[in-house]
1. If N is the number of residues in region 422-506, what value comes out of its Cα radius of gyration divided by 2.2 N^0.38 Å?
2. How do the peptides 286-296, 342-352 rank, highest first, by the average count of neighbouring beta carbon atoms within 10 Å per residue?
3. Run the quick spin-label model on residue 435 and residue 410: label points 7 Å from Cα toward the beta carbon, then report their separation in nm to one decimal.
4. What order do you get for 228-236, 271-279 when each peptide is scored by the mean count of other beta carbon atoms within 10 Å, highest first?
5. For a 19 Å ceiling on Cα separation, which of these pairs sit above it: 228/340; 225/340; 287/340?
6. Between helix 351-363 and the chain, what is the angle of the helix's C-alpha long axis to the longest principal axis, kept within 0 to 90° and rounded to the nearest 10?
7. May I ask you to give the solvent-accessible area per residue for region 43-106, in square angstrom, as obtained with a 1.4 angstrom probe?
8. Hey, any idea what Rg/Rh is for the chain, computing Rh the Kirkwood way over Cα pairs?
Amino acid sequence: MKLGRVATTVGKLRADLIAVPIVAGVPVSRELAELDKESGGKLLREVRRRSSEPGKQGALSIYQTHGEMRADLIVAIGVGRAEAQRLEPEAWRRFAGQAIDAARGARAKSVAISVASAGAGEPALAALGAVVEGALLADYQIEGWKTARGGFRVERCTIAGAPASRGADRVVARAEALADATRFARDLINGPAEQVTPDHLGRISKRLGREHGLTVHVHGPDEMKRLKMGAILAVGRGSRNEPRLIELIHRPRRGSSAGPVALVGKGITFDSGGLSLKPPASMEIQKRDMAGGAAVLGAMQAIAALKPDIEVRGYVAAAENMPGGRAYRPGDVLRSFNGKTIEVLNTDAEGRLVLADALGWAAVGGFGRRVKPRWMVDLATLTGAVTTALGRSIAGVMGTDRELVRRLIEIGRETGEPMWELPLVDEYVSGMDSSIADLKNVGDGTAGTIYGGLFLREFTAGLPWAHLDIAAVAYTDKGRPYVPRGAVGWGVRTLVGLVERAAQEG
Ligand code: BES
Ligand code: MN
Ligand code: ZN
């Protein structure tokens, strides 16, 4: 889909489908009035006939012009109430997503999306960025596996009534980079585990480095042995697909006073559970267990394009968790990179094991061991329990730094990646006591998500750190505006937002 932008209002455009927002509780917008006039008053009559609450978020009415107007179809989409005269970026993202979905449904090749009602200045720029993201993300389709020809694709999307300035150019370029990166992450997550192996993630990362100017190190089992990363080695041993610890480095052009940020992703390319084998229904979905790693790769791609003035190190702990003759066993004791010993009781709690080594490595500064990170953030499809705790719409966040957690939550609200904090309850730590090692890799059977966080904290060397449990949000079986069924690409935009803000503050 080609994306364009014009300052003229939507009524002056020719397109197969025109989409206009309806804000709840405000009088009819100029663009809608303009279109309505052209329709001889039929458009608004139709909208009001179709819906008692046309401004309600998601409400959609389609008007057929029967060749009487410059578009075949006019679609009015409710975007909800504007707080303080201003719609949240997420409302714009959904609006654009619904517009593209409607166009696909109606087989409209060209779409015009109106953002004129965002007004001018900063709110208009925010709306523009969100609409670009929403449109490009809605246009995403999984490709390469269906033998039948793919579904209908929208060819052209024009954003109308958009601000025209250098600032607007920058906003669009940034939104395109974010959408690209999110789509890249989705592709990796949707890819079957037979193809997306740890080695594949390593190769993709190398290519990312070459094409975008990142320094990339891919550590295989030999290097891991030298570095004494006993945990990720153990998890990877049951598979013929060897583990990789991937490290991508973005260095700022200008020297920056801001300390480096470390982004760490769980990259289990398939989680069978290992010898503590999962039942079939739970295993069916486990190609997605590298969604945290994919988010880190996507974020690093966008960061390489946007070049914030701050050092960022992305780490992906990639391994395949399989039962096999060499697989690690319940009862085994592992020694992780930071020296702590771990008794394995359940080989299905493998995410925290690979992350233990990756976080330990990130905490000493990674390759070169130069500077410790000022912030560490990890993303992981870590526990099924987070679905029970929070459902499928919000991620769980835990951490040792109030400011970092607060910012993640705030940025997540803007990027449409909401999260909720769970407490790291110190009293529960004894639930990981082991009779033979420093700790065991499971808790006491309660508070599964919190135990995941508590375990990881042991490997953060007391540095400011936050953990995002994305097991419930990484994937959607239903699909929603701008998020088609399948991988969501959750976290890419929030990670980039966090890094950008840290860079601006220096
Ligand atoms: N990859 C799973 C968590 C998961 C579940 C991700 C469903 C996506 C969808 C993780 O490795 C796991 O198996 N966690 C265990 C931990 C337990 C053994 C302590 C779980 O949640 O049951
Ligand atoms: Mn598991
Ligand atoms: Zn897992």
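The values are calculated or read from the model by the stated rules, or taken from the named source; none is laboratory data. Keep in mind that what you see is a predicted model, and the values were worked out from it rather than measured. Glycine also receives a Cβ, built like all others from the backbone with ideal geometry; neighbour counts cover every protein chain displayed. Just so you know, the surface numbers come from the protein's heavy atoms only, side chains and all, with ligands and any DNA or RNA stripped out. Shrake-Rupley method; radii C 1.70, N 1.55, O 1.52, S 1.80 Å.
1. Details: Rg = 17.1 Å, N = 85, 2.2 N^0.38 = 11.9 Å.
Its radius of gyration relative to the 2.2 N^0.38 Å reference: 1.43.
2. Result, highest mean Cβ count within 10 Å first: 286-296, 342-352.
3. Between residue 435 and residue 410, the simple spin-label model gives 4.9 nm.
4. The most tightly packed comes first, giving 228-236, 271-279.
5. Listed pairs above 19 Å: 287/340.
6. Taking Cα atoms only, the helix is inclined about 90 degrees.
7. 52 Å²
8. With Rg and the Kirkwood Rh in hand, the quotient comes to 1.02.
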